[in-house]
Amino acid sequence: MNSNARWPDRATHRRVWALAWPMMLSNITVPLLGLVDTAVIGHLPDPHHLGAVAVGSMIFSILYWAFGFLRMGTTGMVAQACGRNDSERIRTLLGQSLVLGAGIGLVILLLRTPLTALALQLMEPEPLVLASAAEYTAIRAFGAPAVLCNFALLGWFVGNQNTRIALILLTSTNLLNMLLDLLFVFGFGMAADGVALATVCAEYFSLALGLWFCRRLLGKMPGHWAWQQLRRLSDYRELISVNRYLFVRTLLLLMTFAFFTAQGAQQGTTILSANAVLLNFLLLISNALDGFAHATEALTGKVLGQRRRQGFYQVLICATLWSAVSAVLLTLAFWLGGEPIIYLLTDIPDVREAAVRYLPWIILLPLIGTWSFLLDGIFIGTTQVKVMQNTMLVSVLLVFMPVWWLSQSLGNHGLWLAFMSLFAARGLSGAWVFWRLNRRDAWFEDRR
């Protein structure tokens, strides 16, 4: 950290919390939706429905989150434009991100049959799980254009320091999804296909609501649309340059999640279903801690655009402090309440027993993973995204895979050990890169 950095004042703490708490609450609704999906399907008599949702949702995590750069890249660039008071650039980035999101989504929709068939073949679930997962994926694919445009909208709102709209958007959308889950599964007698249909309906609702909020904000913003910059491919160069590294980084991460799910599936439906329950906990933890990462993205990007070094380091100190406090509280929460929550999510005895057996890995996760989440926020806000790609390559290829290979005799414990090693490696390698960048004051270099 810069030796001249001052301890953050109350105003800095307020700014961080003003951006973080809406994102923490809205992010938590995403894994809470997964918990509702798990609870609804987990109370059906056959466990293969739960396995099907686990496999199918993982496939779409790969397909969609691989393009998470539409949120991350947009946030950092919009935040820096916001710091420069460049309203024309803010508008252009919104339009370009939406065009990219819609285009990629349509390609996924057109290629849905071969993509999902290949993914299911690679995961090799049991026959009953495979049939139900095929129904799930056939429906979920129709939400692709909406999902990727929603990524762009969320990134734009966060970059504009407007996380409260993101809270309204995600919370209302996920509440609708939960209600539709209950209606389609318990009301209409559907199973995994009902969960998929509920998700697609909610995704398009989210897009409509997000565009409505955009229209209201743009009406208060000076400037006008530069339509020629939306039509010329050459004008997308900066956005694509930033996002290509994020694409590789995110794809590596999601391939690791997919590998984890596939290895669990090979150990049987009970292990697959137990891991699905625990992965919902993992997503809950990561999304909660990402609230401070999102605040860091927006605030570091803005102070970078304003060229305020002192403000930059104050944001980093403040975000680090609150991330650490939150990690300790989450560890305590899952230590005390993890087992009761598992019993609420499923009444299948074998799945309950297996999930409780592997719960200690989730209890450790906040303390291990919070540093990688925070560092990602710093690198996104400063658009130092190439280092995110490189640290992920090191963590996956030189840590996760070797640890998994050496610990296969431990069964599912070995799989979780490799997974935790991935988060630890991301934090350590990211901290090393942060130290190197800080030594040469690289944050304020012009990298365009």
### Task
Please work out if T116 is assigned to a helix (DSSP H, G or I) and surrounded by 24 or more Cβ atoms within 10 Å (Cβ to Cβ).
no
### Query
Are any of the residues in the stretch 240-259 surrounded by fewer than 18 Cβ atoms within 10 Å (Cβ to Cβ), on the phi > 0 side of the Ramachandran plot and in contact (Cβ under 8 Å) with a residue 40 or more places away in the chain?
no
#### Entry: Count of the stretch 46-90 residues which are at pLDDT 75 or above, within 26 Å of N160 (Cα to Cα) and part of a helix (DSSP H, G or I)
20
### Query
Of (1) crowded, with 22+ Cβ neighbours inside 10 Å; (2) under 28 Å from A226 (Cβ atoms); (3) within 18 Å of the chain's Cα centre (by Cα), G143 satisfies all except one. Which?
(2)
### Query
If we scan the stretch 260-280, do we find a residue that is among the aromatic types (F, W, Y), part of a helix (DSSP H, G or I), out of contact with any Leu (no Cβ under 7 Å at 6 or more places or on another chain) and in contact (Cβ under 8 Å) with a residue 60 or more places away in the chain?
no
### Message
I want to confirm something. Restricting to the stretch 343-398 and keeping residues that are of a type in the set (G, A, S) and within 27 Å of H49 (Cβ to Cβ), which single residue is surrounded by the most Cβ atoms within 10 Å (Cβ to Cβ)?
### Response
A355
### Query
Which of the residues that make up the stretch 8-36 are over 20 Å from the mean Cα position of the chain (by Cα) and modelled with pLDDT under 70?
none
### Message
Residues to consider are L70, L63; find the one that is crowded, with 24+ Cβ neighbours inside 10 Å, farther than 30 Å from A131 by Cα and either out of contact with any strand residue (DSSP E or B) (no Cβ under 6 Å at 6 or more places or on another chain) or among the small types (G, A, S) (or both).
### Response
L70
### Task
Out of the residues in the stretch 96-113 that are among the small types (G, A, S) and surrounded by fewer than 19 Cβ atoms within 10 Å (Cβ to Cβ), state the one that is farthest from the chain's Cα centre (by Cα).
G103
### Message
Given the options R426, R436, name the one that is crowded, with 17+ Cβ neighbours inside 10 Å, out of contact with any Pro (no Cβ under 9 Å at 6 or more places or on another chain) and within 24 Å of M72 (Cβ to Cβ).
### Response
R426
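The values are calculated or read from the model by the stated rules, or taken from the named source; none is laboratory data. What you are looking at is a predicted structure, and each value in this text was computed from that prediction instead of being measured. Because the Cβ atoms are built from the backbone with ideal geometry, glycine has one as well, and the counts that use them run over all protein chains shown.
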